[in-house]
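Shown next, in structure tokens, is the structure this report addresses.
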Amino acid sequence: MDLQAIAFYLLAAVTVISGFLVITARNPVHSVLFLIMAFFTAAGLFVMLGAEFLAMLLIVVYVGAVAVLFLFVVMMLDVDFTQLREGFARYLPIGMAVGGVLAVEMVMVAVTVAANGAAGKNAAPAAPVADLPNAEAIGRVLYTDYIYFFQAAGLVLLVAMIGAIVLTLRRRPGVRRQNIGDQVARTPASGMKIVQIKSGEGLSE
Amino acid sequence: MTFQDALLLARPEVFLAASTLVLLVWGAFRGDKAMGEVSIGASLALFVAAGFAAVSPEGTAFAGGFIADGASIFGKVAIYLISPVAIYLGDRWLVRVGNGRFEFPILILLAALGMGMMVSAGDLISLYIGVELQSLALYVLAAFRRDDPKASEAGLKYFVLGALSSGLLLYGASLIYGFAGSTHFDLIAKSIEGGATGTGVLFGLVFLICGLAFKVSAAPFHMWTPDVYEGAPTPVVGFFAAAPKLAAMLLLARVLSEGFGTALEQWRQIIVVTAFLSVAVGAFGGLAQSNIKRLLAYSSIANIGYALIGLSAGSAEGMEAVLVFMVLYMIDVTGFFACLGALSRNGKPMEQLSDFAGLARVRPGMALALTALSFSVMGLPPFSGFWAKMFVFKAAIASGQWPLAVVLLLGSVVAAFYYLRLIKTMWFDAAPGQTDKEPLDAKGVAIASALFCFPVVLPALALLEPLAKTAALAFGLK
Amino acid sequence: MEPIVTTLVFAPLVGALIAGLFGRRIGDLASQSVTTGLLLLTCGLSWMTFYQVIWGSWAGQETFTLAPFIHIGNFISNWSIRIDTLSAVMLVVVSSVSALVHIYSWGYMAEDPSRPRFFAYLSLFTFAMLMLVTAADFMQLFFGWEGVGLASYLLIGFWFKKPSASAAAIKAFVVNRVGDFGFALGIMTVFWMFGTIQFAELFPLIAAKAGTQWTFIGQSWSAIDLACGLLFIGAMGKSAQFFLHTWLPDAMEGPTPVSALIHAATMVTAGVYMVCLLSPMFEYAPVTKQIVTLIGAITALFAATVGLAQNDIKRVIAYSTCSQLGYMFFAAGVGAYQAAMFHLFTHAFFKALLFLGAGSVIHGMHHEQDMRKMGGLWKYLPVTYAVMVIGTLAITGFGIPSLHLGFAGFYSKDAIIESAWAASGKNGIASFAFVVGLLAAGLTAFYSWRLAFMTFHGTAKWDSAHADAHGHDDHAHDAGHGHDDHAHDDHGHAHKPHESPLVMLLPLVALAVGAIGAGYAFVESFVGEHRNEFWRGAIFNAPTNHVLEHAHHAPEWVVMAPLVVSMTGLAVAIYVYLMNEGMGLRVASRGGPLHTFFYNKWFFDELYEATFVRATRFLGDVFWKIGDQKIIDGFGPDGVAAVSASVGRRLSKAQSGYVYHYAFVMLLGVAGLLSYALWAWAH
């Protein structure tokens, strides 16, 4: 067993374990931290495959942005976690059973496939050109063959943006907001009203 | 193939994307008061795109990611023509409830674009992106009325469960890619034919089917449907009960026939199970419903079951049946939701079954339209629903799927109960009071689709059937 | 020719439709005028057709196909009109009696509030009957058969508010179903055997296939006997023959004109007509012919004996009809189809006359039907009395054999009795029929004169009868036997009996003329020397069948016998009802076994009640309460509905609204589908 194999099994094992811990950890902050751990190890796997650009992206985007955002959300929302976990014990057995069935089936399939021959025997993905940097290799297909997917993905992001705006930007009636411009532009004429009050009648307003 | 040729093939989608951006900028500058203009612009863009699609040449582009063939053209024309109806209904409806925002037509436009991508998908990547584009737009649309807690809940549920289904879909796609060595349908088919991939790729296929089954709301991935139908704004439900179902159905048909045509016997068994479950859940689940929108949700589950029966035939005839069925069903369901959008009492929309009591005396026109639509969805000849079911039935029989044909009949019988109950309530129960005057737009659409159910369907079918037949041939099944 | 016969067949239908659909709108008078007018047109055209077919230019058989009816493979049936001597005779009988009954009903039904409906039914009946007699294949025959059955049902139950009328209508319908079932089976047998149901194609095939045998339950059965036997069951039902006769007396619940038209002159003779029409088949079915003879003879005797003891004026005539139909059948059975048709022809006149006369009496007595409450009416209803006597003379077959002169019944009945004698040489059943024919002739004379004497002679009992009508012993005794109190009689007895209006008397007089002269005028044509030119092959006699030939050479005692026995009957009737008035009642009240037996109609209703009705009801209860309610409904509609509803409730309960439930169901679905797929692929 060479070094590469040891590194692979280590990283893979840590990924799986931390993935498991994400859903079992009692403290949600811990869950997010385990998620970050999983991302890191997955990035390590990418590096081992020679895809260092993807590895960096994973760390920058997922760890740097997504996971940190998660952390913020988890910390900012005052969620009663004990209440959330109330049904955990009740649902655990049946959930485990379903998960177990799925796992067994996947193992079965993996074993069969492994026995019958490796995956993708007849259509192996093209090997990267030796002297081309990772990012460049991706760029070459991303803007040529995959231009359609690339642009479409852009549209998906656009929808996400529009959605975010539609769902959050709204004017609720009855909510008073400060309008500095109005405040500054106020004159005595607009700010005051002089009313004649007859004695003994008061103001009806 | 040059880039220009590729753009020419994708002209409807390119045009739609460009118009979306233009309209978005226009709306952003003009604000919500531009909603009417944007709606008109979006409708026009859809019509133009439909025109482009109709005259589109056939071929594949973008390294096989985009397919323009008979089936995709058929689907696109249908989708791009039904979407303006949704814009029209939704626009008026939102204005009436005081929630008119220009993003609504934009989102419909983007959803339609996503559907266009779905029906043209020739690759797992474009499949996924198309599905996501469509779904994201729909999630937002479902929650479009942020002030309505039910709508927000519906949108959130739809989103969370949709994300789960996307996960399943992606997982399946990655398994397929892993085992078959390609994301391209043709190459997947070739590798399956080679026989090296074995169970692994089919395993991925099951996940893929599960993900898509969620999108068409087939059992057992239907759970979101009643809640979302009930909570989301009525015209929006009308939209996503119609076109997205067609798109997802077409996509499913294409993946199964082009990517996995050689594994027909294997995927048929899964489709048979989902079809059976869908019909059963749709037929029985509807029995206990008192909310019309929930009822229609179950009805749509059952109808998707019928369409899946056609799919399970695994023949060109079956695909033709699916296409005809979905188009006819789309028109029925649009009419139904137009009726629901039109009817209100004292400003409150009529959604409970009991609200419809005595409608025939208060609003005979709407009651008549609803009755015709109910008869149609029930599958009563000579209404359009009957022809739809007949096509499916014939295809199922022709391919030897006797048990499913029987299930179709039994499901129709059970489901007939709730349509008949609606009709009985409308015609024979005492009215609790006057209803509000129905808006012209929704009423017009309702009556137009009722008229389509009968008698327009008869000449229309003569036109539709040959188109569907040529379209079905594109799937390459016998 | 074609437009004429088409018009005459469809005119009653037009009348029925107009009166039936628009009767309320156009009013009573218009409805009556339209139906009666069209019927008169039909009647006139029928006589013209009759004349033309027999003596005129339309010689021979002709069939006009109007439209296709059923065309399925070899099974070809058309709407058509077949004109030959047989159908021409029936056309005349049906349309004449029907026209007269229409006219008569103007008077008889004058007080009824729903006259348009009545006349529509009458015309509908006439149409169906005309379709029946002009049928050129079995399907149209069946159509007419069922059509007259329907009209009969509607007319018996015309006063549907009266429970007894409704019950009688249902009884008639149900008993006829038994016969119709046989008839339908017979048609199927014919089609199976010959591959056609067209008479014109069928008849030439018979001689070749007559010997066909079918094996069933290890026995060989003559196919043609089977077919004819089944068809004869249909005839038995329609013509109220023994075993299936029970509906006819009850059918008297209908208005009297209906009884005259349907239950005396036309519909009930349809069975006889069918046997004569199918003479080419029956001639090759010797066994069935024996059965026909036997059943006919038994019916003739049975009905005559029952008629002796009845007190309801209409029922007596009803049993008399039954008995006369028996005569016709045994005539056909011994091979004298011509004699059967001849009796059918004359019987139509005098029986319609008797019924309408009885109707006139009932009308005059304000809807009293019990003869025991009549008597001495001849002074009050002179015309009715006269025609009733003519009718009675006709039915008893009064005539002078040596002069060959007599009333209508004389010729036809004697022809039948002589035919039976002629056939009896080599045929035991025919001998039986001959004896029965003589015996029944005597009984006929007795009960017919009994009717006349009880009604028109003796002391008037209607005055005193009125005083204690409802306290009378016999009345209570009667009530148990289905004799009904007429709903209309409350206004009646205060007045004296009165003669009927002219519109009712005219048909009576017309029929009286027929009852006197129809026999003399047509005897030579129907059964005499000219019969071959008259029938022109419409009735088939096998080469070996010389019954009529022999009948003409019957010895003197055979010719004289009917007169002797009927005179004996008359004498007894005079002795019992004129000279010793009240003797009949005394005999009745003594309740001797024979009288009880006859009075209760040989206990047939009770027998059927005890066997068929009870057994059927028991079987029905079993199927209904256990089979249908418990098993079919329980597991079927009710059970399925309950299960569906509970499944629906469960499904909607599963719809909890929690996202994680939904997600869990999805995952469950994935796991389930995967497991299923793996399992399915492995197999």
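A short reminder: the numbers here are calculations on the coordinates, not readings from a lab. Everything quoted here is computed from the prediction, not taken from an experiment. Virtual Cβ from ideal backbone geometry, glycine too; neighbours counted across all protein chains shown.
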statement: For B:Leu410 and A:Val111, extending 7 Å from Cα along the Cα-Cβ vector and measuring point to point gives, in nm, a value of 3.7
- prompt: Looking only at A:Leu158, A:Leu45, A:Leu57, which one moves most when chain A is put into a Gaussian network model with springs between Cα atoms under 10 Å?
  reply: A:Leu158
- request: Divide by every residue of chain C the summed helix terms, -39500 (n - 2.57) for each DSSP H run of at least 4, and state the resulting mean residue ellipticity at 222 nm, rounded to the nearest 500 deg cm²/dmol.
  value: -22500 deg cm²/dmol
query: What is the Cα centroid distance between the stretch B:57-126 and the stretch A:25-92, reported in whole angstrom?
result: 35
B:Val55 paired with C:Glu606, simple spin-label distance in nm, labels 7 Å along Cα-to-beta-carbon: 9.7
message: Could you tell me the center-to-center distance, by alpha carbons, between the stretch B:152-229 and the stretch B:21-45 in angstrom?
response: 35
task: Can you tell me the dipole magnitude for the protein assembly as shown around its Cα centre, using point charges on the Cβ only (Lys, Arg +1; Asp, Glu -1), in Debye to the nearest 20?
output: 2620
Chain lengthening between A:Arg140 and A:Val66 when straightened (0.36 nm per residue, less Cα-Cα): 23.9 nm
- request: Give the cross-link partners of B:Lys437 among the lysines, using a straight C-alpha distance below 29 Å as the criterion and excluding same-chain residues fewer than 8 apart.
  value: B:Lys33, B:Lys150, B:Lys293, B:Lys348, B:Lys424
Residue exposure sequence - B:Thr435, B:Thr274 - by fewest surrounding Cβ within 10 Å: B:Thr435, B:Thr274
- request: Can you check what the net charge comes to around C:Tyr411, using other residues whose Cβ is under 12 Å from the Cβ of C:Tyr411 (Lys, Arg +1; Asp, Glu -1)?
  value: -2
- request: Would you order A:Met108, C:Met341, B:Met249, A:Met37 from fewest to most other beta-carbon atoms within 10 Å of each residue's own beta-carbon?
  value: A:Met108, A:Met37, B:Met249, C:Met341
statement: From fewest to most C-beta neighbours within 10 Å, the residues C:Tyr380, C:Tyr385 line up as C:Tyr380, C:Tyr385
field: Efficiency of FRET from Cβ geometry, C:Ile632 and A:Arg90, R₀ 56 Å, rounded to 0.05
entry: 0.80
- request: Hey, for a label at C:Arg24 modelled as a point 7 Å past Cα toward Cβ, could you say which residues of the stretch C:155-176 have their backbone N under 14 Å away?
  value: none
message: Give me the inter-chain shielding for B:283-290: mean count of other chain Cβ atoms within 10 Å, whole number please.
response: 6
Helical contribution to [θ] at 222 nm, DSSP H n ≥ 4, -39,500 (n - 2.57), averaged over chain A, rounded to 500: -20500 deg cm²/dmol
field: Rough spin-label spacing in nm, given labels placed 7 Å along Cα→Cβ, for B:Leu7 and C:Trp192
entry: 8.1
task: Calculate, for A:Leu49 and A:Thr187, the FRET efficiency according to 1/(1 + (r/R0)^6) with r their C-beta to C-beta distance and R0 45 Å; round to the nearest 0.05.
output: 0.05
